[in-house]
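The values are calculated or read from the model by the stated rules, or taken from the named source; none is laboratory data. Source: prediction; values computed, not measured. Note that we place each Cβ from the backbone using ideal geometry, even for glycine, and neighbour counts take in every protein chain shown.
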Amino acid sequence: MREVYPGIFMVTEKGRLGGLRPPVNLYVITGKRGLLFDAGYGKRSDIDFFVREFNSIGDVCRSRGSGFNVDRVLPSHMHPDHFSGLAKIRERLGLSVVLTDKMARLISSRQGYIASYDNERLFTDSWSNPLYTKYVVPLIKKAGDRFYGMLYGIDFLADPDAIIDEDCAIEINGEKWRVFPSPGHAGEHISLYDPRRGILFAGDNVLRSITPWLGPPKSDLEAYLDSLNFILALPRLELILAAHGSPVADPKKRIREIIKWRIERLDQVRMIVKKYGSMGVTLKNIVSEIYPGVNLVKHMMARGWVELSLQYLVEKGEIDGVQTRRAFKYVHRL
Ligand SMILES: [Zn+2]
């Protein structure tokens, strides 16, 4: 653990398999009535590690004579690296789980959660065959669910202790902090803001050294840009504590960089579709054109934001998505 601001500690759970399971940060806000922001992974080894770190933070606070009453956990959003630890952290440390209504509905059952990830086009955009769709796709999905379930230690939770509004004031150490919705990366994403010190717990929306991942079916490019602009307009913004990577000490500059990157990439996708004219082009070919020769994992990660950019351009009426006999193609409206 690392004290990233007086009284605020960052605990980083280990990553595995590169981008498939990135290291993730949990923040312990200590004090007379503090809070844990985000719950990390749910594997036993992750929970054991977190409990040890949490107890050492308690020791540090007690040795200083400062308060250590952390009795709640609030996650930023319902991706597995942020919510999987909720149930076991509650069990081991007695913290109450605080969720918004959207979050609670998403993680109340395994079935509902899996259904919320359904994205048929992932399997059928460049090769579609009824037998493949009917028999092979469900097997791939099942294997995927099992693999990710084990990698992240996904654990569902049907009985949160408190439900808060996604736009509300929350009391931390006797002061009013703010929770506000920040959809885009995920529809239920919230941020936690301390207006006095200008500290923002931004979850996955603003990261220091990598561009936050966006992809269907849970992300929305327009909502994401709106959220970033909303954050830029906060009255005081000194420090962003992000879910992955180290703190962002120059938050406004970093947010402007991310917005610029997104807009340039959107332009790139627009130009590629335009180039193919009435012939149209598949998502897969666009990704390969932007990232030639990358491995399958990189390709899968990149196709997320490319697909979202395409959805954005379809919604704006600039391009059309067309199902042909062999593939799903994007065609520019000239
Ligand atoms: Zn996420």
Given the conditions (1) more than 16 Å from the ligand (Cβ to nearest atom); (2) within 21 Å of GLU188 (Cα to Cα); (3) β-branched (Val, Ile, Thr), report the number of the one that ILE29 does not fulfil. (2)
Single unsatisfied condition, LEU17 versus (1) in contact with a strand residue (DSSP E or B) (Cβ under 7 Å, 6 or more places away or on another chain); (2) over 22 Å from ILE170 (Cα atoms): (1)
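Matching residues to (1) of a type in the set (D, E, K, R); (2) at pLDDT below 95:
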{"residue": "GLU13", "(1), (2)": "yes, no"}
{"residue": "ARG21", "(1), (2)": "yes, yes"}
{"residue": "ARG33", "(1), (2)": "yes, no"}
{"residue": "PHE49", "(1), (2)": "no, no"}
{"residue": "ARG52", "(1), (2)": "yes, no"}
{"residue": "GLY58", "(1), (2)": "no, no"}
{"residue": "ARG72", "(1), (2)": "yes, no"}
{"residue": "VAL98", "(1), (2)": "no, no"}
For the stretch 57-69 the number of residues that are part of a loop (DSSP other than H, G, I, E, B) and touching a residue at least 12 places away in the same chain (Cβ under 8 Å) is 2
When both residues are 6+ apart or on different chains and their Cβ atoms are under 6 Å apart, which pairs have a first residue that lies in the stretch 134-152 and is touching a residue at least 24 places away in the same chain (Cβ under 8 Å), and a second that is of a type in the set (S, T, N, Q)? TYR152/SER84
For LEU157, work out the one condition from (1) without any contact (Cβ under 8 Å) to a residue 60 or more places away in the chain; (2) closer than 18 Å to ILE107 by Cβ; (3) more than 16 Å from the ligand (Cβ to nearest atom) it doesn't fulfil. (1)
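Which one of these is more than 23 Å from TRP213 (Cα to Cα), part of a helix (DSSP H, G or I) and not assigned by TED's automatic domain parsing to the domain that holds GLU222: SER278, SER309?
Numbers: SER309 fails: more than 23 Å from TRP213 (Cα to Cα).
The conditions single out SER278.
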So, of the residues in the stretch 196-205 that are within 12 Å of LEU234 (Cβ to Cβ) and crowded, with 17+ Cβ neighbours inside 10 Å, which turns out to be nearest to the ligand (Cβ to nearest atom)? ALA202
State whether the residues of the stretch 70-77 include one that is part of a loop (DSSP other than H, G, I, E, B), among the hydrophobic types (A, V, I, L, M, F, W, C) and within 17 Å of the chain's Cα centre (by Cα). no
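With TYR193, TYR152, TYR224 as the choices, which residue is among the hydroxyl-bearing types (Ser, Thr, Tyr), crowded, with 17+ Cβ neighbours inside 10 Å and within 13 Å of the chain's Cα centre (by Cα)? It would help to see each step written out before you state the result.
Working: TYR193 fails: within 13 Å of the chain's Cα centre (by Cα); TYR152 fails: within 13 Å of the chain's Cα centre (by Cα).
That would be TYR224, the only listed residue that is among the hydroxyl-bearing types (Ser, Thr, Tyr), crowded, with 17+ Cβ neighbours inside 10 Å and within 13 Å of the chain's Cα centre (by Cα).
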Select from the stretch 227-285 the residues that are surrounded by fewer than 18 Cβ atoms within 10 Å (Cβ to Cβ) and of a type in the set (S, T, N, Q) and list them in ascending order. ASN229, SER246, GLN268, SER278, ASN285
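Listed residues PHE37, PHE54, PHE50; which is assigned by TED's automatic domain parsing to the domain that holds CYS168, in contact (Cβ under 8 Å) with a residue 12 or more places away in the chain and within 16 Å of the ligand (Cβ to nearest atom)?
Sole residue among the options that is assigned by TED's automatic domain parsing to the domain that holds CYS168, in contact (Cβ under 8 Å) with a residue 12 or more places away in the chain and within 16 Å of the ligand (Cβ to nearest atom): PHE37.
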Of ARG303, ARG325, ARG333, the only residue that is modelled with pLDDT under 90, buried (at least 18 other Cβ atoms within 10 Å of the Cβ) and among the basic types (Lys, Arg) is ARG303
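Against the condition in a helix (DSSP H, G or I) and surrounded by 20 or more Cβ atoms within 10 Å (Cβ to Cβ), how does ASP46 come out, does it pass?
Working: in a helix (DSSP H, G or I): yes; surrounded by 20 or more Cβ atoms within 10 Å (Cβ to Cβ): yes.
So ASP46 passes the test.
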Being farther than 20 Å from GLY187 by Cα, of a type outside the set (Val, Ile, Thr) and not in a helix (DSSP H, G or I) is the filter here; which residues of the stretch 242-271 pass it? GLY245, SER246, PRO247, ALA249, ASP250
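Based on this model, can you work out whether ARG33 counts as within 18 Å of ARG92 (Cα to Cα), not aliphatic (A, V, I, L, M) and not in a loop (DSSP other than H, G, I, E, B)?
Values: within 18 Å of ARG92 (Cα to Cα): no; not aliphatic (A, V, I, L, M): yes; not in a loop (DSSP other than H, G, I, E, B): yes.
For ARG33, the condition - within 18 Å of ARG92 (Cα to Cα), not aliphatic (A, V, I, L, M) and not in a loop (DSSP other than H, G, I, E, B) - is not met.
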Among the residues of the stretch 173-188, the number that are under 18 Å from THR30 (Cα atoms) and surrounded by fewer than 20 Cβ atoms within 10 Å (Cβ to Cβ) is 5
Report the residue count in the stretch 280-334 for those that are farther than 29 Å from LEU20 by Cβ, in contact (Cβ under 8 Å) with a residue 40 or more places away in the chain and either out of contact with any strand residue (DSSP E or B) (no Cβ under 8 Å at 6 or more places or on another chain) or aliphatic (A, V, I, L, M) (or both). 7
